[in-house]
Amino acid sequence: MGSSGLRSGTTITSSTSRADQAFTADLESSFDELGYLVGNEPSAVLLVDLSSRGVVHANAVARQLAPGLQLPSPLDVWSDAAGLRDLEGGLLSETTHPLSRLARTEPVNGQAVSALRGSDMGQQRQPLWVVALPMLDSPMLKSYALVVMLPIGRRKEVPPATSLDLHSRAVVATGLSFTLADATDPDLPLVWVNPAFTATTGYTLEESVGRNCRFLQGAGTDPADVDRIRRAVRAGEDVTCTVLNYRKDGTAYWNQVHISPVHGPEGALTHFVGIQTDVTGRIEADRARDAALLAERRARAASEAAEERLQLLVDASSGLVGATDVADAHRRLIDLLVPRVADFALVLGPSGTDDLGVLAAQHSTEKLVGDLRDVADGLAAALVAGPPVDVLVGADGGRLLTDLDTPEGSDTRRDYIADEHYLAASAAFPVRSAVLVPLPGRGPATEVLVLGRSPDRPQFTRDDVEVAADLGRRVGVLVENTRLHELQRSNSEVLQRSLLPDLPVIRGIRSAAQYHAGAVGSQVGGDFYDLTTLADGTIALAVGDVVGHDILAAAAMGQLRGLLRACVHDPDATPSSVIARVERLLVDLQLRTIASMLQVFLTRTPDGWDLVWSCAGHPPLAVRYPDGRVELLGRTDGNDPLIGVGHPDRHEESATLPVGTLLLGYTDGLVERRTESLDLGLHRLLHHVRVGPADPAGLVEHLVEHLTRGSDHDDDIALVAVRLD
């Protein structure tokens with residue numbers, strides 16, 4: 001088996017010391033600690049001839065500890081050359097040291113020493129644990145002993161060595177499996193194993209000696225690990241590797257193996273010493289920890305995804321609630337999704353005469369928005385036959401498209417596109433994956449949401465389809481609500497305008513009027529204006545406000561204005577009599593209407609205009625004179641009672657106005673704010689009347705623009721401007 005200097009004709013004796021037997025009781029609980037003790041650090045290995053008490057073989061690390069010392073060498077000489085000391089600092093050659101015990105063929109289960117100089121094991125005074133095992137049961141090495149010096153403390157600082165610590169580490173060191181293989185034989189057969197190897201593997205010394213240690217390998221052993229060990233052994237190098245091995249009973253265990261080459265006196269490679277540790281517990285603990293960490297990461301990722309999904313739905317719901325119309329709702333939706341969820345987004349649906357047009361489009365790359373619209377515009381004509389929404393989203397209520405930038409992925413579009421020319425032309429658009437979901441309301445969906453990602457972004461998954469479909473259901477209802485509100489608003493505006501007159505063309509004056517609903521509530525209300533010419537040429541101007549902001553107020557306003565028209569054309573009518581008569585008619589007709597009103601009569605004179613008016617709780621007229629002065633005509637204290645409160649007498653006021661004067665009648669919504677006084681609102685009104693355009697239409701536009709902005713504007717407004725030319 002090679003190395004004739006170590007051969008012996010003595011018969012094999014299978015003796016095991018009591019110390020060797022003692023360690024087996026602690027072996028199972030110590031295996032994990034063994035792995036940390038040995039780790040990946042190189043160890044110093046000696047083969048000692050017990051008969052001559054001389055070191056005959058050493059590995060590279062041991063030679064570093066005693067550089068220049070020729071082998072064979074007496075054990076004490078080698079110890080002094082290595083500068084080995086005990087923990088008190090005494091030279092081992094002067095004490096009862098572990099090597100002296102070895103010379104008496106006593107096994108050393110583990111004793112702390114330190115080395116003089118640094119080596120591959122560590123720096124100077126490197127703490128070492130000496131394990132010395134006489135190989136009395138080896139068939140060819142009976143008179144020899146294996147000495148292994150294990151490094152301690154390179155990874156972490158070594159705590160003070162107490163007697164208990166020394167004892168526990170001795171048990172650990174004794175639990176290590178040691179093997180010796182003949183390096184002169186190409187098959188590297190084992191020539192000795194220690195009892196720990198037998199306890200760990202279940203194979204006896206007789207079953208192990210003469211065999212290559214590959215008998216520990218099995219189906220689960222990684223060939224890469226085996227190859228790594230094989231290459232190191234062929235090169236005569238140290239190697240540490242953790243491999244899956246199998247015991248004699250077939251059970252698997254993780255074996256941390258450190259193999260060190262040992263050379264003889266002439267430097268020839270003679271043996272390989274293997275130090276093996278069962279680290280199954282540690283590996284399984286690491287795997288359990290890794291599995292727990294993976295499960296925790298997955299749970300956290302799932303939680304974050306769920307939170308992100310919920311936040312997306314919340315943002316969509318809150319973002320679309322304030323939409324002014326359907327187009328605004330579509331814009332808000334795609335702005336929410338790009339680039340947060342997708343690189344581009346489309347809303348497709350009925351548009352004009354088309355069954356499927358582009359209602360909204362957005363791309364994170366602005367220059368691609370036009371190309372995106374071009375691709376989407378041609379989609380309707382390219383679809384297979386059937387309802388457009390059903391064709392696009394498919395039978396599952398949501399379509400997932402992946403690998404669209406490959407020929408195979410592009411082919412999947414033939415499920416809903418029949419036009420080959422369109423397929424070829426649209427294939428150039430940069431998209432890798434897409435999701436198509438419907439936007440259903442309370443009835444069948446008429447719109448489709450399309451989300452796309454470019455090739456440089458991760459593809460959509462089936463989970464993304466579910467999120468998009470959920471979003472589509474919520475958004476679809478919100479868009480439908482917006483559409484219904486928009487329709488209601490349009491109908492209300494039509495109703496309101498039908499109740500208000502078109503201003504007539506009257507010689508001698510220019511006029512303009514507008515009605516605006518408040519920021520909240522219905523588009524109809526009780527604010528009104530009227531302008532008409534009486535039989536004698538008098539011009540009658542009226543502005544009023546029925547209490548309320550709903551359809552009932554609008555209906556009451558229509559009745560009130562009808563009564564007003566009837567009363568103002570009485571030949572004997574005056575502003576005050578008109579208000580008084582309207583109030584009596586409301587009582588006679590049992591119409592419970594409360595309103596403010598300002599009735600004005602204008603009469604042309606050679607020098608200008610005579611103005612007579614009567615007020616029923618209404619804001620005063622605003623006047624801008626030709627020289628630019630502005631003022632309010634009438635009382636601002638609000639003491640004129642409202643119509644409908646039973647006041648029999650109404651007073652009148654009068655004024656003479658020059659040609660070129662501009663009159664403004666208005667309702668309180670133009671000047672009142674919840675957070676400020678009426679005087680401040682009137683002051684602001686006069687300022688804008690003074691700086692606004694001189695023509696009635698321009699002034700009305702100016703006032704609406706500057707006095708109806710902001711959240712405080714929540715009341716209806718009617719205003720009419722007349723220029724006396």
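Values in this text are rule-based calculations from the coordinates and carry no lab data. Predicted model only: the values in this text are computed from it and were never measured. Backbone-built Cβ (ideal geometry, glycine too); neighbour counts: all protein chains shown.
Of note:
- The 3J(HN,Hα) values that the Karplus relation (6.51, -1.76, 1.60; θ = phi - 60°) gives for region 668-685 are, in residue order, 5, x, 6, 10, 8, 9, 5, 9, 8, 6, 5, 4, 5, x, 5, 4, 5, 4 Hz. Gly and Pro appear as x.
- Contact order normalised by residue count of region 502-724, Cα under 8 Å, 6+ apart, percent: 26
- Dipole magnitude for region 393-481: about 280 debye, using +1 per Lys or Arg Cβ and -1 per Asp or Glu Cβ, origin at the Cα centre.
- Viscosity 0.692 mPa s, temperature 37 °C, Stokes-Einstein D of region 308-489 from Kirkwood C-alpha radius, µm²/s: 201
- Packing rank of 298-304, 272-278, where each peptide gets the mean count of other beta carbons within 10 Å, highest leading: 272-278, 298-304
- Shape analysis of region 573-725 based on the Cα gyration tensor places the equivalent ellipsoid semi-axes at 26, 22, 12 Å, largest first.
- Volume of the Cα convex hull of region 236-380, divided per residue and given in Å³: 263
- Distant-in-sequence amide contacts of His271, defined by a placed amide H-H separation under 5 Å and a gap of 5 or more residues or a different chain, comprise Ala183, Val262.
- Each residue of region 290-306 is assigned a 3J(HN,Hα), and the resulting list reads 4, 5, 5, 5, 5, 5, 5, 5, 5, 5, 5, 5, 5, 5, 5, 5, 5 Hz, derived from the Karplus form 6.51 cos²θ - 1.76 cosθ + 1.60 (θ = phi - 60°), x at Gly and Pro.
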